[in-house]
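This report concerns only the one structure given below.
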């Protein structure tokens with residue numbers, strides 16, 4: 001019975017320059033490196049109250065305070081205040097109270113590309 005042919009039989013083998021034939025590349029020390037545990041991450045902030053998030057969503061959807069894409073909620077609130085638009089003070093208080101929570105800090109649209 002005839003041996004099956006391989007695709008590599010049709011093409012001549014080419015050597016790479018730089019290494020003599022039969023020489024194996026050295027890999028350094030054969031001993032395994034000790035594993036270090038990954039650094040501990042800060043625990044995620046507790047989820048915000050749904051009524052608070054609903055109030056912030058309403059603030060994001062209110063166009064009288066200007067666009068909310070590309071800036072944080074606090075920046076938008078401060079810009080509206082500087083323009084004399086009288087944004088709700090409860091929104092600012094909530095943002096400052098939960099400043100470490102990204103669900104509160106960033107607007108509804110922060111995950112979408114501009």
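Taken together, the values in this text are just the output of simple stated rules run on the coordinates, not laboratory data. None of the values given here were measured: they were computed from a predicted structure. Don't worry about glycine lacking a Cβ; one is built from the backbone with ideal geometry, like all the others, and counts go over all protein chains shown.
Observations, loosely collected:
- The range 63-114, Cα convex hull volume normalised per residue, Å³: 72 Å³
- Modelled this way, with points 7 Å down the Cα-to-C-beta line, the labels at residue 111 and residue 57 are 1.3 nm from one another.
- For the range 63-114: relative contact order, % (alpha-carbon pairs under 8 angstrom, 6 or more apart): 43 percent
- In the range 36-91, the C-alpha radius of gyration followed by the widest Cα-Cα span (Dmax) gives 15.8, 55 angstrom.
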